[in-house]
Amino acid sequence: MSLMASNGYMDVVGRQVRARRKALRINQQTLADLAGVSRKSVSEIERGKATVRMDVLVAVLGALGLTLEVRDAR
């Protein structure tokens, strides 16, 4: 499953991930190690890459103490 960035959501998520990582004063490799993903995946998330696997995103968010919330758009 992937999240599409055509609407800019991944840009927003990427900025939040980068800001939280920097606030915690950890580098991308440390975050990747904590999340059990590759440093490349962390970099792609932070850059708002068009698609990212949901499990990878959730792992990175969890390592940062962040969550992903889905809301009813109605």
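Rule-based calculations on the coordinates, nothing more; no lab input. Computed from a predicted model, the values in this text were never measured in an experiment. No Cβ is skipped: glycine too gets one built from the backbone with ideal geometry, and neighbour counts run over all protein chains shown.
Observations, loosely collected:
- Calculated [222 nm] ellipticity per residue, helices only, for the chain: -16500 deg cm²/dmol; basis is -39500 (n - 2.57) per DSSP H run with n ≥ 4, divided by all residues, nearest 500.
- For GLY48, residues with placed amide H under 5 Å, excluding near neighbours: GLY14
- Between helix 54-63 and the chain: long-axis angle, C-alpha atoms, 0 to 90°, nearest 10: 50 degrees
- Normalised contact order of the chain, rounded percent, pairs of Cα under 8 Å and 6 or more residues apart: 38 percent
- Cβ-based exposure ranking for ILE45, ILE26, in which fewest neighbours within 10 Å come first: ILE26, ILE45
- Least to most buried among VAL70, VAL17 (fewest other Cβ within 10 Å first): VAL70, VAL17
- Neighbour-count ranking [beta-carbon atoms within 10 angstrom, fewest first] of ASP72, ASP33: ASP72, ASP33
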